[in-house]
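Each remark here refers to the structure printed beneath this line.
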Amino acid sequence: MPKTTQTNYFNDVGRRKSATANVRLSRGATGTITINHKPAEEYFVGSKYLLAKLQQPFASLALENKFTILIKVTGGGHDGQAEAIRLGIAKALIQVSDDYKSTLKRADLLGRNSREKERKKFGLKGARKQRQFTKR
């Protein structure tokens, strides 16, 4: 369903493991990514791998440096947070234009990876690890 209103920003949420990212895309040509009030390069301590993950939705659509991105992320580790941010950005880009959906889906950027840590069970040493069986 096409959007008829012209807004200056688009919000969406991305999740991965225990990380949750609230993403706001603004129509601005600065191309800056701010995560929890810090530049992305400072937040991810110069990790090129994680910074490249954030750019994947824009690279697949050839939209680098077209939006200003403001992100609030909580929970999880850096890798889980980066994947949550990537999903949030991809979902927000669909709000910009529905035409982007097929390209992002083909690039495998719209699927939520639902795997989470399994809880430890009572009577066991971990989630599944048990005591060693002794026959005699």
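Just one of the listed residues (VAL73, VAL23) is within 20 Å of LYS101 (Cα to Cα), within 15 Å of the chain's Cα centre (by Cα) and among the β-branched types (Val, Ile, Thr), and it is VAL23. The set of residues from region 68-98 being of a type in the set (Gly, Ala, Ser) and either surrounded by fewer than 15 Cβ atoms within 10 Å (Cβ to Cβ) or part of a helix (DSSP H, G or I) (or both) comprises GLY75, GLY77, GLY80, ALA82, ALA84, GLY88, ALA90, ALA92, SER97. A residue that is modelled with pLDDT of 95 or more and among the polar types (S, T, N, Q) can be found somewhere in region 65-87. Selection within region 99-136: residues that are exposed (fewer than 11 other Cβ atoms within 10 Å of the Cβ) and of a type in the set (Phe, Trp, Tyr). The member of this set that is farthest from GLY77 (Cα to Cα) is PHE133. When the test is whether a residue is among the basic types (Lys, Arg), surrounded by fewer than 19 Cβ atoms within 10 Å (Cβ to Cβ), under 26 Å from ASN113 (Cα atoms) and modelled with pLDDT under 95, LYS17 passes it. Every condition in (1) without any contact (Cβ under 8 Å) to a residue 60 or more places away in the chain; (2) touching a Gly at 6+ places or on another chain (Cβ under 9 Å); (3) under 14 Å from TYR43 (Cα atoms) holds for LYS105 except the one numbered (3).
For every residue, the table says whether it meets (1) assigned to a helix (DSSP H, G or I); (2) in contact (Cβ under 8 Å) with a residue 60 or more places away in the chain; (3) surrounded by fewer than 18 Cβ atoms within 10 Å (Cβ to Cβ).
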| position | (1), (2), (3) |
| --- | --- |
| THR7 | no, no, yes |
| ASP12 | no, yes, no |
| ASN22 | no, yes, yes |
| THR30 | no, no, yes |
| VAL45 | no, no, yes |
| TYR49 | yes, no, yes |
| LEU54 | yes, no, no |
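The values are calculated or read from the model by the stated rules, or taken from the named source; none is laboratory data. Bear in mind that the values here come from a model prediction, so they are computed numbers and not experimental data. As a convention, Cβ positions derive from the backbone with ideal geometry for all residues, glycine included, and neighbour counts pool all protein chains shown.
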